[in-house]
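In what follows, a single structure is set out as structure tokens and then discussed.
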Amino acid sequence: SCVHPDRPEPLDLHLGMFLPTLLNQATPEQMERFFTPAWNLRIIGTYAQTEMGHGTHLRGLETTATFDPSTQEFVLHSPTISSIKWWPGGLGKTSNHAIVLAQLHTQGRCHGLHAFIVPIRDMDTHVPLPGVVVGDIGPKFGFSEVDNGFLKLEHVRIPLDNMLMKFAKVEPDGTYVKPPSAKLTYGMVFIRSMIVGQSALALAKSCTIAIRYSAVRHQSELRPGEPEPQILNYQTQQHKLFPVLAAAYAFTFVGQYMKDTYRRISGDIHAGDYSQLPELHALSAGLKAFTTWAANAAIEVCRMSCGGHGYSRSSALPDIYVEFTPTCTYEGENTVMMLQTASRYLVKSYRQASVGQRLQGSVSYLSEAAAQRLRPRPVSGGAAPLSTQDLLSLVHLYQRRAASLVELAAKSIQQELQRGRSQEEAWNHSSIDLVRASDAHCHFVVVKLFVDKLEQVDDAAVKAVLSTLALLYALKGLADNSGDFLQAGLLTVPQATRVSARIKELLEELRPDAVALVDAFDLNDRKLNSVLGRYDGNVYEHLYEWARQSPLNATEVHESFHKYLKPLRSRL
Ligand SMILES: CCCCCCCCCCCCCCCCCCCCCC(=O)SCCNC(=O)CCNC(=O)[C@H](O)C(C)(C)COP(=O)(O)OP(=O)(O)OC[C@H]1O[C@@H](n2cnc3c(N)ncnc32)[C@H](O)[C@@H]1OP(=O)(O)O
Ligand SMILES: Cc1cc2nc3c(=O)[nH]c(=O)nc-3n(C[C@H](O)[C@H](O)[C@H](O)COP(=O)(O)OP(=O)(O)OC[C@H]3O[C@@H](n4cnc5c(N)ncnc54)[C@H](O)[C@@H]3O)c2cc1C
């Protein structure tokens with residue numbers, strides 16, 4: 001974010017997690033002591049939560065912080081191999097401090113995970129401090145510029161007031177003071193909310209590259225004797241790329257919404273109102289998973305749609321992929337996040353709705369669904385007429401699909417319980433349904449936010465083209481998930497056929513605007529860093545130029561000729 005714009009780098013964790021965690025969890029005194037020097041980059045910090053043995057299951061983390069009242073210190077310790085902190089960005093070589101998440105022990109009792117500021121390297125020499133064993137975890141799938149590290153703490157002592165005490169506290173005599181809400185110390189909702197915007201950016205970059213290149217590239221014959229067409233004129237190419245374009249717009253709006261929602265609800269939290277925290281947690285966990293999964297798959301679609309040149313790093317697409325794909329894993333593994341949203345929020349809300357409670361926020365539709373179940377069903381039944389033109393009716397359809405899948409998941413848990421399984425087993429035996437329910441809920445939220453956004457657009461031409469994109473996003477999602485809609489009785493087979501036909505029309509409608517729509521993301525050449533995605537379209541000259549710069553071309557005859565090939569030849 002400082003040195004390489006938009007590339008992962010060693011200071012990301014400092015900026016993205018160390019500073020925000022201080023902002024959220026430090027006392028005013030700690031802000032003074034840590035935030036100011038950290039803001040000035042004297043203190044460089046990371047966020048050390050994950051251990052070799054556990055990333056997801058936070059209660060399973062083994063690092064301990066034991067309070068010693070005789071010296072007014074915490075003793076931080078890694079008791080086993082599996083307890084060694086593993087993965088934190090910038091830990092390997094860059095940081096001199098870490099926020100370490102550890103099980104707090106005081107007065108002989110364990111109070112669960114808390115955050116501690118641990119100095120790990122000397123502020124002047126950068127040499128690891130006594131008892132601190134720290135290093136880099138080695139090469140990875142990508143992220144090679146980032147020194148993801150390990151950290152083994154051997155009875156390292158830190159002062160009492162290095163525990164982040166805005167919420168929970170330990171008093172000098174060792175008395176533990178609970179936080180006003182146990183959920184405040186989880187953190188992580190900030191980055192999860194921001195990742196939604198990162199998904200949008202990754203999609204915008206990828207489809208800008210692929211769509212611009214598809215307008216430059218000519219291949220094969222469409223009509224005999226005529227010049228080769230732009231590959232963007234092939235229906236299959238449009239079918240690969242225009243839905244990605246639509247999703248890039250959708251996620252951009254969802255990302256903005258997530259940022260605003262985070263700001264609003266964290267404002268309430270600072271003012272002492274925690275009532276919206278479950279909504280924020282569920283929304284940020286679910287949408288993080290939904291958008292990163294979708295973007296992860298779409299980047300690869302864009303890369304393949306560029307044929308051979310997509311495989312070259314000159315396209316930038318391989319780098320976008322390896323840099324983006326860990327968002328599916330870090331800050332909460334996606335399946336686990338989907339399950340949080342489903343079981344901690346959707347199923348709970350479903351049960352509340354079933355007993356007649358009116359729900360607020362993104363799940364308010366579950367109240368409507370519950371009310372409908374109480375009314376007798378119309379005898380004719382079946383799917384309502386589907387309009388492939390009316391966005392509001394499509395939003396409604398997504399809403400009903402979500403309601404039906406939440407119901408399915410809740411019923412599955414109920415059935416498993418009736419078969420005599422324990423609550424936990426019933427849950428595990430329903431987890432495929434739970435993830436499906438979360439996915440459908442998030443999909444509904446995305447479609448709804450896209451359609452809501454159109455209301456805010458005044459320019460008629462812009463509104464028209466964005467509506468076409470929204471329609472494509474909604475109908476493509478319908479086609480891809482037609483099984484769900486059919487199963488829920490929301491779609492008939494003839495309607496599904498009409499949806500496919502309508503998608504083809506929309507692709508054709510979008511074709512003349514496609515390049516302008518990616519230009520509108522306003523990603524300059526420096527930011528894209530892609531030979532295929534150049535704004536001026538001069539792809540071939542620069543591809544040649546790029547290849548000429550390859551390190552292997554530094555010498556006309558490579559040393560491998562003299563070292564290996566020639567001796568080999570003389571021996572034969
Ligand atoms: C100031 C300026 C600054 C400038 C800033 C400028 C910015 C500039 C940016 C610069 C560059 C940025 C780029 C960044 C790059 C990033 C690089 C990579 C970063 C990667 C970092 C990481 O990768 S770091 C590790 C993340 N590792 C996880 O993410 C673990 C997942 N694992 C769990 O998260 C838990 O393990 C899991 C599953 C919930 C179960 O936890 P569990 O078993 O304890 O909890 P239960 O399920 O029992 O839930 C108990 C109740 O807590 C509720 N609840 C649960 N979580 C909650 C929560 N978060 N908030 C609220 N409520 C929550 C729940 O809803 C229940 O509520 P209820 O009781 O009412 O039902
Ligand atoms: C590039 C990168 C950077 C990172 N940076 C940091 C960092 O700065 N700081 C930090 O602390 N950590 C960091 N991490 C670690 C990251 O947060 C964890 O990898 C992540 O939380 C997932 O945990 P895990 O690795 O233990 O996966 P696991 O939980 O072991 O997941 C493995 C599989 O088990 C499944 N699974 C696990 N639990 C359940 C469940 N309850 N129900 C159903 N399925 C389940 C998952 O779905 C998955 O398929 C980073 C990771 C990467 C890749």
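For region 268-287, give me each residue that is in a helix (DSSP H, G or I) and more than 22 Å from S364 (Cβ to Cβ).
Within region 268-287, H270 is the sole residue that qualifies.
For region 76-87, which positions are open to solvent by 10 Å² or more (accessible area, probe 1.4 Å) and either within 10 Å of ligand 2 (Cβ to nearest atom) or touching a strand residue (DSSP E or B) at 6+ places or on another chain (Cβ under 8 Å) (or both)?
Residues satisfying the conditions are H77, P79, S82, I84, W86, W87.
Identify, by number, the condition in (1) within 16 Å of ligand 2 (Cβ to nearest atom); (2) modelled with pLDDT under 95; (3) part of a helix (DSSP H, G or I) that L184 doesn't meet.
Going through the list (1) within 16 Å of ligand 2 (Cβ to nearest atom); (2) modelled with pLDDT under 95; (3) part of a helix (DSSP H, G or I), L184 breaks only (1).
Just checking, does region 536-557 include any residue being modelled with pLDDT of 95 or more, open to solvent by less than 80 Å² (accessible area, probe 1.4 Å) and on the phi > 0 side of the Ramachandran plot?
Yes: region 536-557 contains one or more residues that are modelled with pLDDT of 95 or more, open to solvent by less than 80 Å² (accessible area, probe 1.4 Å) and on the phi > 0 side of the Ramachandran plot.
Could you tell me which residue of region 132-181 is farthest from S78 (Cα to Cα), considering only residues that are among the polar types (S, T, N, Q) and at pLDDT 95 or above?
Among them, the one singled out is T175.
Could you please give the count of residues in region 260-277 that are within 11 Å of ligand 1 (Cβ to nearest atom) and open to solvent by 60 Å² or more (accessible area, probe 1.4 Å)?
2
Having 2 or more residues that are farther than 24 Å from L287 by Cα and among the hydrophobic types (A, V, I, L, M, F, W, C) is the bar; report the helices (runs of 4 or more DSSP H) wholly within region 394-510 that clear it.
460-480, 493-510
How many residues are under 21 Å from I44 (Cβ atoms) and open to solvent by 20 Å² or more (accessible area, probe 1.4 Å) if we restrict to region 88-108?
2
With region 1-114 as the region, which strands (runs of 3 or more DSSP E) entirely inside it contain at least 1 residues that are of a type in the set (G, A, S) and under 19 Å from N148 (Cβ atoms)?
It comes to 45-48, 97-106.
Of the residues L506, L510, L517, L466, which single one is touching a Phe, Trp or Tyr at 6+ places or on another chain (Cβ under 6 Å), open to solvent by less than 60 Å² (accessible area, probe 1.4 Å) and at pLDDT 95 or above?
L510
So the check is Cβ under 7 Å with 6+ separation or different chains; which pairs have a first residue in region 503-527 that's closer than 26 Å to S482 by Cα and a second one that's at pLDDT 95 or above and of a type in the set (D, E, K, R)?
Correct list of pairs: I503/K476.
The values are calculated or read from the model by the stated rules, or taken from the named source; none is laboratory data. Note that the coordinates shown come from a computational prediction; the quantities given were computed from them, not determined experimentally. Positions of Cβ are backbone-derived with ideal geometry, glycine not excepted, and every protein chain shown enters the neighbour counts. For the accessible areas, the whole protein counts, side chains as well, though only heavy atoms, and no ligand, DNA or RNA atoms are used. Shrake-Rupley method; radii C 1.70, N 1.55, O 1.52, S 1.80 Å.
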